[in-house]
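Peer 1: Take a look at the following structure, please.
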Amino acid sequence: MDKKLRDDIYIHAIEWVREAGEVIRDKMYGPLDIETKSNANDLVTKLDKETEQFFVAKVKSKFSGHFIHGEEGYGDSPTSLDGTVWIIDPIDGTMNFVHQKRNFAISVGIYHDGVGEIGLIYDVMANVLYHAKKGEGAYKDDVQLPSLPEIGNINEAIIGMNHFWLCENKLIEEQVMQKFVKDIRGTRTYGSAALEFAYTAEGIIDGYISMRLSPWDVAAGIVIVNEVGGITTDIDGKIVNMLDKSTILTCNSVLQKKILGMLKEGRK
């Protein structure tokens with residue numbers, strides 16, 4: 001992607017993310033019209049839908065040739081990553097949004113011909129923006145994030161994970177997952193994949209693992225983690241499918257190899 005164009009997209013994307021966050025803060029204590037999607041824990045609210053519609057309108061008015069792949073289905077449902085594709089989760093962590101009024105984020109990943117060019121994760125209630133452009137480093141607001149520490153020992157690592165997968169995991173033997181949890185230093189669950197990517201990039205946690213996430217959960221985070229020297233793959237070590245659901249592991253490259261080896265032992 002041309003640098004001048006990328007910088008223009010980046011400036012507008014940040015402006016729109018902050019504007020959307022302000023609207024969410026203003027409206028979040030009003031009627032949310034909460035609905036369920038795939039199951040009782042898969043929530044969507046009026047603000048999820050309105051926020052995605054806001055981004056669709058903004059992108060289409062300014063960058064008419066761009067495509068949108070969004071969680072709530074108001075975009076284009078692209079079948080490839082050819083061209084420029086905005087991969088958007090309007091509110092990542094909707095359950096936290098509904099129940100806690102915190103620990104949720106707007107996540108926007110912008111890809112060009114399959115390459116992650118821009119990543120934005122906006123912690124709405126903390127008013128903190130994690131952002132990155134390919135090859136130019138990752139930032140938390142105005143502070144550049146350092147490279148990830150090269151933690152290589154499992155027993156020194158704090159890993160973000162959804163504990164639901166310990167009970168309902170159909171990919172890895174339960175005993176192996178239990179051993180994994182016992183061997184690492186600790187686990188954390190924040191309820192927002194986007195924020196767990198951001199915290200990995202910041203070094204608050206050493207990695208994040210999930211057994212099923214959608215592209216809009218991870219698109220922005222992959223770009224940001226890349227810029228601090230991290231790596232993101234599925235649990236077989238393969239490139240993440242940015243058009244379909246996938247398993248996810250993000251961390252530094254040394255830790256990744258050890259975790260992949262450990263999980264491989266328990267693959268069903």
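Peer 1: Run through the stretch 152-210 and list the chymotrypsin sites (Phe, Trp or Tyr not before Pro) located in a DSSP loop whose Cβ has at most 12 other Cβ atoms within 10 Å.
Peer 2: Taking the stretch 152-210 and a limit of 12 other Cβ atoms within 10 Å, no loop chymotrypsin sites (Phe, Trp or Tyr not before Pro) are found.
Peer 1: In degrees between 0 and 90, to the nearest 10, how far off the longest principal axis of the chain does helix 253-264 point, with axes built from Cα atoms?
Peer 2: For 253-264 against the chain, the angle is about 60 degrees.
Peer 1: Test of understanding: ordering 112, 131 by Cβ neighbours within 10 Å, fewest first, what list do you get?
Peer 2: Sorted ascending by nearby Cβ count, the order is 112, 131.
Peer 1: Share of Cα-Cα pairs in the stretch 1-141 beyond 18 Å, in percent?
Peer 2: The answer is 54 percent, as a whole percent.
Peer 1: Scan the stretch 1-49 for trypsin sites (Lys or Arg not before Pro) in coil per DSSP, keeping those whose Cβ has at most 14 other Cβ atoms within 10 Å, and list them by number. Before the final figure, lay out each step's value.
Peer 2: On the way: sites: 3, 4, 6, 18, 25, 27, 37, 46, 49; in loops: 37.
Passing sites in the stretch 1-49 are 37.
Peer 1: Another one. For the chain, with a Gaussian network of springs between Cα atoms less than 10 Å apart, report the residue from 136, 50, 117 with the top mean-square fluctuation.
Peer 2: 136
Peer 1: Mind checking which of 21, 116, 235 is farthest towards the positive end of the chain's charge dipole, using Cβ charges of +1 (Lys, Arg) and -1 (Asp, Glu) about the Cα centre?
Peer 2: 235
Peer 1: Separation between the residue 164 and residue 4 pseudo-spin-labels, each 7 Å from Cα along Cα→Cβ, expressed in nm?
Peer 2: 4.6 nm
Peer 1: To the nearest 20 Debye, how big is the dipole of the stretch 154-264 about its Cα centre, given +1 on the beta carbon of each Lys and Arg and -1 on that of each Asp and Glu?
Peer 2: 240 debye
Peer 1: Could you tell me which of rounded, prolate or oblate describes the stretch 154-264, using a ≥ b ≥ c as the square roots of the eigenvalues of the alpha-carbon gyration tensor, with rounded for a/c under 1.5 and, failing that, prolate when a/b is larger than b/c and oblate otherwise?
Peer 2: The shape class here is rounded.
Peer 1: D for the chain, whole µm²/s, Stokes-Einstein with Kirkwood Rh over alpha-carbon pairs at 25 °C and 0.890 mPa s: what number?
Peer 2: For the chosen part, D equals 132 µm²/s.
Peer 1: Would you mind checking 3/245; 134/258; 37/264; 3/58; 140/264; 101/245 for any pair whose Cα atoms are more than 25 angstrom apart? Numbers along the way, then the final one.
Peer 2: Details: 3/245 30 Å; 134/258 27 Å; 37/264 32 Å; 3/58 21 Å; 140/264 34 Å; 101/245 27 Å.
Table pairs above 25 Å Cα-Cα are 3/245; 134/258; 37/264; 140/264; 101/245.
Peer 1: Apply 1/(1 + (r/R0)^6) to the Cβ-Cβ distance of residue 33 and residue 57, taking R0 = 22 Å, and write down the FRET efficiency to the nearest 0.05.
Peer 2: After rounding to 0.05, the efficiency reads 0.65.
Rule-based calculations on the coordinates, nothing more; no lab input. The shown structure was predicted, so the numbers you read here are calculated from the model rather than taken from an experiment. No Cβ is skipped: glycine too gets one built from the backbone with ideal geometry, and neighbour counts run over all protein chains shown.
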